[in-house]
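The values are calculated or read from the model by the stated rules, or taken from the named source; none is laboratory data. What you see is a predicted model; the values in this text were computed from it and never measured. Note that we place each Cβ from the backbone using ideal geometry, even for glycine, and neighbour counts take in every protein chain shown. For the accessible areas, the whole protein counts, side chains as well, though only heavy atoms, and no ligand, DNA or RNA atoms are used. Shrake-Rupley method; radii C 1.70, N 1.55, O 1.52, S 1.80 Å.
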Amino acid sequence: MLGICRGRRKFLAASLTILFVPAITWIYLFAGSFEDGKPVSLSPLESQPHSPRYTASSQRERESLEVRVREVEEENRALRKQLSLAQARGAAHHRTNHSKTYSMEEGTGDSESLRAGIVAGNSSECGQQPVVEKCETIHVAIVCAGYNASRDVVTLVKSVLFHRRNPLHFHLIADAIAKQILATLFQTWMVPAVRIDFYDADELKSEVSWIPNKHYSGIYGLMKLVLTKTLPSNLERVIVLDTDITFATDIAELWAVFHKFKGQQVLGLVENQSDWYLGNLWKNHRPWPALGRGYNTGVILLLLDKLRKMKWEQMWRLTAERELMSMLSTSLADQDIFNAVIKQNPFLVYQLPCFWNVQLSDHTRSEQCYRDVSDLKVIHWNSPKKLRVKNKHVEFFRNLYLTFLEYDGNLLRRELFGCPSEADVNSENLQKQLSELDEDDLCYEFRRERFTVHRTHLYFLHYEYEPAADNTDVTLVAQLSMDRLQMLEAICKHWEGPISLALYLSDAEAQQFLRYAQGSEVLMSRHNVGYHIVYKEGQFYPVNLLRNVAMKHISTPYMFLSDIDFLPMYGLYEYLRKSVIQLDLANTKKALIVPAFETLRYRLSFPKSKAELLSMLDMGTLFTFRYHVWTKGHAPTNFAKWRTATTPYRVEWEADFEPYVVVRKDCPEYDRRFVGFGWNKVAHIMELDAQEYEFTVLPNAYMIHMPHAPSFDITKFRSNKQYRICLKTLKEEFQQDMSRHYGFAALKYLTAENNS
């Protein structure tokens, strides 16, 4: 319709131009041919040089006017040509819209006018399109359960946020897993004018569990049926979306379609684009009853208030019970039941134009929904094959999807100017903290990083682990960036227990990691590894934030605080579980030290015992960690004593001590002021000592650091004087904070630092 309106406007403008431009031009010429109130002839005879009225200036004026006349005539010819082409296109467009089954502009106001005219049920007057108020909130409901769906919904939300110009209110019907993941994601995303509400999907299971369902979506694929009961009673309308949807336009355009509903229309749906409900896909194929081709429920407009008045709950239940007597189960989950209800009550449905749900499953008629890229509104990957689906233009659709998949979500934190956001306590506190910083401070960027909120996606891959019942279980905790991915498989081979990893990645790198992990038999065979993505923002590597994220999301009573570059000895997991009992870690404040060693060789025959490791130390194949560059970091471990020790022994804290330890899960977090390289572990060990943790070295445990290229942050530390000055300033401020917090006992840290 919009295209037709534009065509009419162009036709009118061109017609007026052709009529008025020549007239205005000749009036101008005629007026210009008078001088002193008398006509000036432009004939060649009267313009000869011997004429007394002839002057050089009048000759120039005459020539310029003649040139202008020729230009106007050329413009008129071009306009006539454009007009004839526009008329031809308009006629062809008119014929096409009446002949196509799947018109671009298809949309019906009632069931009796299906496929009738260009935009049946839509406004027929140009410029009469429904308008959404500038700051009107658009409500969107999504059913989301599990780890994979939680990833998919992020891409959907990105595509909506990218195009939107209105406040959004997402209603997420989520299981416990999805709620944990998405609540953290949206809390750390901090997108203005976006509100999130969660509804417990597990509580709704009893409402639909009586319906046998063969669809891969399982019981959650039936929950759209109970939205009238689940969503707030004062919510009048909502757009319902599947998680495998990608928007290519502003969702407000879809929200505006509600204004076109008439009479008893309460459901806005796009016709199904496959032959499923026609029952001719294979011999004895018997689908649920549907009106014609049926309707697809990947995109639904629900008028909730009217549905409640119509007793929707009773309506769909009675229909489902009746059909299940012969059908026995649903094949397409809620879609089968929606279609059975519509078959009996066709007046309920408003048929949306099919570009609002371009269905990319195999053998669909989706290609008839668009003629050009600009026609696309919503893409629906409703095949189990997803991106591998067969479609003539699948490469284009795949690229569009991947654009949002890898799009930097931080760029979507833009304000909606003129639309006030709801007060957010976390956002207000953050702004207050940032406003108190001095932007002229040379260490401003370091200080600012402490308050930066990084978007965080927990459990990026499937995670399934129940801690051991004996309360001795230990989780290995580490953090990494893209350049350390190659260590993951080796660590998984060395440590069979649970692992919690925080990965610092961009959106695009997160997808590279996903492909890497899915292509690894080692990683895919492990379901006890929690991968938590912390998205990149700012110029520093937030090492201690990453450690805190990994620490916070463990399910075991104890954790081994390691680094990604270390391989633990074979059998360390079981050894630590025994040590936890032996040293009564549950009832004492102890930090169990795992001695650290290193090799300078990229290919190492890993020692299988302490005796073999000592032999390699003697041969110079291994060294105590940082022996060549930072002896103080691990010297208090007392490696000389460890060589012959057979029982655990206690060591005292010393300045710059930074061992790798096993502690209870309730130990203090790492201090976020330390970013990049320098003092990030030292400060944590100092705080453990201030809280009176006892450092105990394990006699038969060890870990080995594998060589790698220097990190970007250590390079900055070594080459940037201001970096080192700021690190020294932060150290001093940390020590002062320790003195204020722990009193007289913390003075030893200042003394130790001065003496070191």
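Numbers at a glance
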{"item": "Single unsatisfied condition, Pro595 versus (1) closer than 27 Å to Thr452 by Cβ; (2) in contact with a helix residue (DSSP H, G or I) (Cβ under 6 Å, 6 or more places away or on another chain)", "result": "(1)"}
{"item": "Criterion violated by Glu236 - all others in (1) open to solvent by less than 60 Å² (accessible area, probe 1.4 Å); (2) at pLDDT 95 or above satisfied", "result": "(1)"}
{"item": "Some residue of the stretch 463-486 being in contact with a strand residue (DSSP E or B) (Cβ under 7 Å, 6 or more places away or on another chain) and under 19 Å from Ser150 (Cβ atoms)", "result": "yes"}
{"item": "Residue count for the stretch 277-291, restricted to those that are more than 13 Å from Ala340 (Cβ to Cβ) and outside any loop (DSSP other than H, G, I, E, B)", "result": "1"}
{"item": "Residue check, Thr644 more than 30 Å from Phe717 (Cβ to Cβ) and β-branched (Val, Ile, Thr)", "result": "yes"}
{"item": "Helices (runs of 4 or more DSSP H) wholly inside the stretch 391-474 containing at least 1 residues that are farther than 21 Å from Lys158 by Cα", "result": "425-435, 444-449"}
{"item": "Selection within the stretch 619-637 - exposed (fewer than 15 other Cβ atoms within 10 Å of the Cβ) and either closer than 23 Å to Gly571 by Cα or among the basic types (Lys, Arg) (or both)", "result": "Lys632"}
{"item": "Qualifying residues in the stretch 718-744 (those that are more than 22 Å from Glu449 (Cβ to Cβ) and open to solvent by less than 70 Å² (accessible area, probe 1.4 Å)) - the one farthest from the chain's Cα centre (by Cα)", "result": "Gly743"}
{"item": "Test: residue in the stretch 521-531 that is open to solvent by 30 Å² or more (accessible area, probe 1.4 Å), part of a helix (DSSP H, G or I) and β-branched (Val, Ile, Thr)", "result": "yes"}
{"item": "Filtered residues of the stretch 569-596 (kept if in a strand (DSSP E or B) and within 40 Å of the chain's Cα centre (by Cα))", "result": "Ala591, Leu592, Ile593, Val594, Ala596"}
{"item": "Residue that is open to solvent by 30 Å² or more (accessible area, probe 1.4 Å) and either modelled with pLDDT of 95 or more or not β-branched (Val, Ile, Thr) (or both), where the choices are Pro568, Pro557", "result": "Pro557"}
{"item": "Scan of the stretch 183-219 for residues that are free of Cβ contacts under 8 Å to residues at least 40 places away in the same chain and in contact with a strand residue (DSSP E or B) (Cβ under 6 Å, 6 or more places away or on another chain), ordered by number", "result": "Phe186, Val194, Ile196, Asp197, Phe198, Tyr199"}
{"item": "Any hit, the stretch 651-661, residues being open to solvent by 10 Å² or more (accessible area, probe 1.4 Å), β-branched (Val, Ile, Thr) and out of contact with any Ser or Thr (no Cβ under 8 Å at 6 or more places or on another chain)", "result": "no"}
